[in-house]
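Here's the structure we're looking at; comments come further down.
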C-alpha cells in the first residue's frame with residue numbers, strides 16, 4: 001500500500017479568455033479521498049487533468065509525495081485515472097485492458113495475469129474477464145476502468161466524473177463500491193463531480209469550487225451544515241432564498257429569529273437568508289398565511305412548495321406520511337427551525353440555479 | 001391489400017435483378033472480350049499459350065523484359081506508396097485531432113487538393129520538382145512514390161479520418177498515457193489496432209490507384225506496369241491485354257476485400273452492442 005500526500009499550490013490556468021484555474025490551493029492527506037464539487041466550468045476537471053499531467057499549469061506547483069512533478073510527463077506520473085467517457089480499449093478484453101499498464105511495466109505474464117484477475121475480482125467483475133468492452137454494460141465498463149487504474153498501484157487515483165454517464169441506480173451502487181475499494185487499497189484519491197450527493201456520500205472532504213478557486217473545503221457535514229459562503233449554501237443542497245433583516249448577530253426571517261453561521265460578515269440591514277427545506281416546517285392552519293401550491297413525493301420524504309404573501313415561495317421538506325393533510329390550496333403556517341443560516345447581502349453572490357439542483361425561488 | 005404489397009415487392013425484386021444484370025454485363029463484357037482475345041489462337045482455335053507464358057515468371061521475364069521491369073517497378077511503388085502514405089497520414093491526422101483541432105479543416109483541404117488538379121497539370125508542376133528528386137535520390141522509377149503518395153492523399157485521408165471518427169481517440173490516448181504509455185506505444189498499441197479497417201482501406205485504395213496509374217509515369221518518363229502495357233501493346237497485343245486483365249482483376253479483388261474488411265468490422269461492433 002502506497003499512500004502519498006498531494007499538494008497543489010497556486011495553480012493557475014487560462015484557456016483563451018477563460019481563467020479555468022485562478023490560484024487553486026489543495027492538499028490531500030495520504031489515503032484521503034477528496035471530492036472537488038462545482039458547477040461546470042468551475043475548473044475542477046482542469047485541476048484533475050493538471051495533476052494527471054494531461055494539461056499544463058500556467059503557474060503553480062504540483063507536489064506528489066513531496067516531489068514536484070510539474071515536469072514529469074503524464075505517462076511517468078504513476079496515476080490511475082478513470083474518465084467520464086468510456087475509456088476501455090475496444091480491441092482488448094476486460095482482462096487485457098487491466099493488464100495493459102502492467103505489460104508496459106514489463107511484468108512477467110503470469111504475475112500480470114494474476115494481478116489483473118485479482119483486480120477484476122476486487123471490482124466484482126471477475127466473471128466477465130474475457131469479454132470485450134462492447135459486451136459490457138456502462139457500469140461494468142467503469143468497473144473495469146477502475147480495476148485497470150488500480151492495477152498499476154498508482155500513487156494517486158484520479159476519478160473524473162466516472163459515474164456521470166451511468167443511470168441512477170448503477171450510479172449509487174458503484175459510488176458505494178468505489179468508496180469501499182478506495183478504503184481497501186488506501187490510495188490517495190481525487191474525485192471530480194458536479195453531483196453534490198455523490199461528493200457528500202463519498203468523500204472524506206468535499207471542496208466546493210467556483211471560478212477556478214476553492215470556495216470551501218471540509219468534511220461533508222461541515223460543508224452542508226455550515227456553508228462558508230452563500231455560493232456553497234446554494235450549490236450544496238437545496239436552499240430557500242428568503243428575504244430577511246440582519247441585526248444583533250441574528251437574522252429575522254418570516255418572523256423567526258435565526259442565528260447566523262460562524263464567520264458571517266454581512267452588514268446589518270436587509271439581506272437574503274438561505275434556509276434548507278428540512279429547516280422549514282409546515283402545519284395545516286386555517287389562519288395561516290401560507291397556501292400549499294404543490295407537493296412532490298420523494299419516497300420517505302416529500303417536498304412541499306408553499307406560497308406566502310409578497311410573492312415569496314418556500315420549499316419545505318416533510319415526512320411523506322403528512323402529505324395527506326397538506327393537499328394543494330391548504331392554508332398553512334410556516335415555521336423555521338432555529339438552526340444557523342447563511343445570509344447574503346448581494347443576490348449575485350450565489351450560484352446560478354440553472355447549474356445545479358437547487359430550488360429556484 | 002396484401003396482394004398489392006406482394007406484387008410491389010416482387011416488382012422491386014425484378015427491378016433489382018435487372019439493374020444488377022445490366023451493370024454486370026456492362027462491366028464484365030469488356031473483361032470477357034479481353035479474355036476471349038487473349039485466348040484466341042490461329043484459325044479461330046482456343047489457346048492458353050499467352051496465359052501459360054504469363055504465369056511462367058521466368059519465361060515472361062525473358063520474353064518481355066519491359067513488362068517484367070514494369071511489374072517490378074509497380075510492385076515496389078505499391079509497397080513504398082502505401083508505407084509513405086500511412087506514415088505521413090496516420091500520425092498527422094491523429095495529432096491534428098488531439099492537439100490542433102483547429103487545423104483540421106486546413107489539413108482536409110490540403111489532402112483533398114490533388115483530387116481537383118488534373119494529372120497533366122500535376123505533371124507540369126512535378127517536372128521541375130523531379131529534377132531535384134533525380135539530383136538527390138536518382139532517377140529510379142521508384143521515385144514516383146512521392147507523386148503517388150500525393151495522388152493517394154485524398155482517398156487515404158478520407159478513409160483514415162472516418163476510421164478515427166469512429167473511436168474516441170482523445171480519451172483512449174489519455175487513458176493509455178495515464179497507464180504509462182509513451183506516444184509510440186499509444187499509436188502502435190492503442191490507436192492503430194482500433195482503426196485497423198480504416199488503415200486497411202487506405203492501403204487498398206492506394207494499391208489500386210498505384211497499379212492503375214499511367215499518366216504521370218508516362219509523362220515523367222518512368223517505368224511502371226501501365227507504361228509497360230502501353231509499350232507492349234505495340235509489339236505483343238495479346239500479352240498486353242492479358243496483363244491488363246490481370247491488373248484489373250487484381251484491383252477488383254482488392255476492392256472486394258476492402259468492402260469485406262469494412263463489413264466484418266461493422267458486424268463485430270453490432271454484435272457487441274447487441275449483447
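Just so you know, all these numbers are worked out from the coordinates, no wet-lab data involved. This is a predicted model, so every value here is computed, not measured. Note that we place each Cβ from the backbone using ideal geometry, even for glycine, and neighbour counts take in every protein chain shown.
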* How do A:198, A:32, A:118 rank when sorted from fewest to most other Cβ atoms within 10 Å of their own Cβ? -> A:118, A:32, A:198
* Asked: By DSSP, what percent of the beta bridges with both residues in chain A are antiparallel, rounded to the nearest 5?
  -> 75
* Structure fact -> Of all DSSP beta bridges having both residues in the protein assembly as shown, the percent classed as antiparallel (nearest 5) is 75
* Asked: On a 0 to 90 degree scale, rounded to 10, what angle separates helix A:138-151 from the longest Cα axis of chain A?
  -> 60
* **Gyration tensor verdict on chain A (Cα atoms; rounded if a/c is under 1.5, prolate if a/b is larger than b/c, oblate otherwise)** => prolate
* Structure fact -> Percent relative contact order for chain A, counting Cα pairs under 8 Å at least six residues apart, stands at 17
* Return the average number of partner chain Cβ atoms within 10 angstrom of each residue Cβ along peptide A:141-150. => 1
* Fewest first, what order do A:67, A:44 take by the number of other Cβ atoms within 10 Å? -> A:67, A:44
* Taking B:109, B:54, A:235, B:27 and counting other C-beta atoms within 10 Å, the order from fewest to most -> B:109, B:27, B:54, A:235
* To do: Sort the range A:210-341 into rounded, prolate or oblate with this rule: let a ≥ b ≥ c be the square roots of the eigenvalues of the Cα gyration tensor; rounded if a/c is under 1.5, and if a/c is not under 1.5, prolate when a/b is larger than b/c, oblate otherwise.
  => oblate
* To do: Just tell me how shielded B:179-190 is by partners: mean number of partner chain Cβ atoms within 10 Å of each residue's Cβ, no decimals.
  => 5
* Asked: Based on DSSP, what percent of beta bridges with both residues in the range A:187-292 are antiparallel, to the nearest 5?
  -> 100
* With an 8 Å cut-off on Cα pairs and a minimum separation of 6 or more residues, tell me the relative contact order of chain B in percent. => 26
* Asked: How do the peptides A:263-269, A:168-174, B:45-51, A:84-90 rank, highest first, by the average count of neighbouring beta carbon atoms within 10 Å per residue?
  -> A:84-90, A:168-174, B:45-51, A:263-269
* Using only Cα atoms, find the angle between the long axis of helix A:109-122 and the longest principal axis of chain A, and express it within 0 to 90 degrees, rounded to the nearest 10. => 20
* On a 0 to 90° scale, report how tilted helix A:94-104 is relative to the longest principal axis of chain A, with both axes built from alpha carbons and the result rounded to the nearest 10. => 60
* Over the range B:1-154, what relative contact order in percent results from Cα pairs under 8 Å that are six or more residues apart? -> 22
* To do: Would you please classify the overall shape of chain B from the alpha carbon gyration tensor, given that a ≥ b ≥ c denote the square roots of the eigenvalues, rounded means a/c under 1.5, and beyond that prolate means a/b larger than b/c while oblate covers the rest?
  => oblate
* Asked: Other chains near A:84-90: what is the mean number of their Cβ atoms within 10 Å of each residue's Cβ?
  -> 6
